[in-house]
1. Is at least one residue of region 136-157 more than 42 Å from the chain's Cα centre (by Cα), open to solvent by 60 Å² or more (accessible area, probe 1.4 Å), aromatic (Phe, Trp, Tyr) and modelled with pLDDT of 85 or more?
2. Being over 25 Å from Asp309 (Cα atoms) and part of a strand (DSSP E or B) is the requirement here; does Val395 meet it?
3. Condition test on Leu226, is it open to solvent by less than 90 Å² (accessible area, probe 1.4 Å) and more than 32 Å from the chain's Cα centre (by Cα)?
4. Out of (1) touching a Cys at 6+ places or on another chain (Cβ under 7 Å); (2) loosely packed, with under 13 Cβ neighbours inside 10 Å, what's the single condition that is false for Gly234?
5. So is Ala409 over 25 Å from Ser285 (Cβ atoms) and either small (Gly, Ala, Ser) or touching a Ser or Thr at 6+ places or on another chain (Cβ under 6 Å) (or both) or not?
6. Quickly run through region 40-57 and pick out the residues that are more than 39 Å from the chain's Cα centre (by Cα) and touching a residue at least 60 places away in the same chain (Cβ under 8 Å).
7. Of all residues in region 247-292, which are touching a residue at least 40 places away in the same chain (Cβ under 8 Å) and either open to solvent by 100 Å² or more (accessible area, probe 1.4 Å) or outside any helix (DSSP H, G or I) (or both)?
8. Output the number of residues of region 1-24 satisfying the condition of being open to solvent by less than 30 Å² (accessible area, probe 1.4 Å) and either small (Gly, Ala, Ser) or modelled with pLDDT of 90 or more (or both).
Amino acid sequence: MNLYVPALWVASGVCLITGVQFALAGVPRRQNREYLAFGLLSLLLSLYLLTKALIYHLDAIGPLREVVRVQVAIACLIYPAAVWFLSIYTGLRRWHLWLTFACCVFGVLFVVNFFSPNGMLYLNIVPRSPITLSWGETLNDYRGVPSRLSWVYYISVDAVFLWAIWRSVALWREGVRHRAVPLIIYLAVQFLATLQLEYVLNSNSRMLTFASFTFLALVLLMSDALRREQVQRGQALAESIAELHAESHRRQTVEADLRHMAYHDQLTELPNRRLLRERLKEAISAVDSRRRYATLIQLDLDHFKTINDSLGHSLGDQLLRKIAARISEFNSAPNCIARLGGDEFAILITDLPPGSAAARQLANRIAEDLIRRLTAPFHIGDHELVIGVSAGVAVFDGEATVDSVLRQADIAHHAAK
């Protein structure tokens, strides 16, 4: 039963999928270099684990040397990518300088490794007897004679490890605990795996090492941290959008209330003189396009002041609201019913027949119907009130103006009164 090498294949696949996801997420958004750096790092770690699995399968010394050299070359790319990602992840301001320094050091090692027949770490590679694991899996093994420059590589790797510890401590001291904890956990796992690797190498033991699987731990821990932050940012964005929508709705409500107050009478909720002027302007344009007539009927209550003074302003307000309601129930479907102020009302009707004589006749009949409705008794509490009404009728066509219509209606109202 094979477990160890398939585990390396699975780890390589996980790193590959994670790297592709974060690389694709980081490429369209240039401002999010963190995703792009982590995606590149995960892809390189996937290739490293792939070469590690191949080494245990190869039994020919020639291909083995090439794979080892490729593995060291990939490692020389991994550590600058790790410096790039961790610099951004830990909020290092001058990350460009650290990345440039790492690229220079490992770039030189990459070139030296390229021209070395066995890679820069080994002068020679000698195959050893296969390792048989307790569950029956057999792994090919080899032994390498260290080169004179191998110490430069290992010191550079240790320097990156110490640098990562420094950045995790700085992150913790800055209070960014949710980012520091996953990084500290990985460094602890990496430290333990390195100790186990050093013990196996120094004791010439044939034990399995798990240092390569720490790369999988790095990918899993960092990807989980980045995804949780992305979810939190999405939730915060959704909450901000909801707050903006709520604020926009409140603002629209306030604006609608202010507009209603500006264009309506507070007592009767009818349009006021300002809104009547706008409706008159629209009516003039409408009758001009249809070559028809419209009418404005101005009403004034007789002896309302007497009722208001003798019975109280509260009862007078109730009477005005009942008058407004009775006008609103008028069957001729007026285009606008307005309170001009005090005890004055106005009714705008645009649906009059063509011909000035027929239009005036219908307008007068409408005014008479309104007067009959409004002079019927009003019952308010224990009081039965009967009022008189004076009406001024102005019939106009599309050549009229707003001021001329209002002036004609006012003149006709005074004449009737």
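The values are calculated or read from the model by the stated rules, or taken from the named source; none is laboratory data. Here the structure is a predicted model, which means the values were calculated and not measured. In this analysis, Cβ positions are derived from the backbone assuming ideal geometry, glycine residues included, and neighbour counts consider all displayed protein chains. SASA here: full protein model, heavy atoms, side chains in, ligands and nucleic acids out. Shrake-Rupley method; radii C 1.70, N 1.55, O 1.52, S 1.80 Å.
1. Within region 136-157 (the criterion being more than 42 Å from the chain's Cα centre (by Cα), open to solvent by 60 Å² or more (accessible area, probe 1.4 Å), aromatic (Phe, Trp, Tyr) and modelled with pLDDT of 85 or more), the answer is yes, since at least one residue qualifies.
2. In short, yes.
3. Working: open to solvent by less than 90 Å² (accessible area, probe 1.4 Å): yes; more than 32 Å from the chain's Cα centre (by Cα): no.
Considered against the rule, which asks whether it is open to solvent by less than 90 Å² (accessible area, probe 1.4 Å) and more than 32 Å from the chain's Cα centre (by Cα), Leu226 comes out as no.
4. (1)
5. Spelling it out, it is not the case that Ala409 is over 25 Å from Ser285 (Cβ atoms) and either small (Gly, Ala, Ser) or touching a Ser or Thr at 6+ places or on another chain (Cβ under 6 Å) (or both).
6. Lys52, Ile55, Tyr56, His57
7. Step one: list which residues in region 247-292 are touching a residue at least 40 places away in the same chain (Cβ under 8 Å), which gives 265, 267-273, 275-277, 279-281, 283-289, 291-292.
Within region 247-292, Asp265, Leu267, Thr268, Glu269, Leu270, Pro271, Asn272, Arg273, Lys281, Arg291, Arg292 meet the criteria.
8. Within region 1-24, the first condition is being open to solvent by less than 30 Å² (accessible area, probe 1.4 Å), and the residues that meet it are 4-5, 8, 11-13, 15, 18-19, 22-23.
Now drop any that are not either small (Gly, Ala, Ser) or modelled with pLDDT of 90 or more (or both), which leaves 8, 11-13, 15, 18-19, 22-23.
The number of residues fulfilling the criteria is 9.
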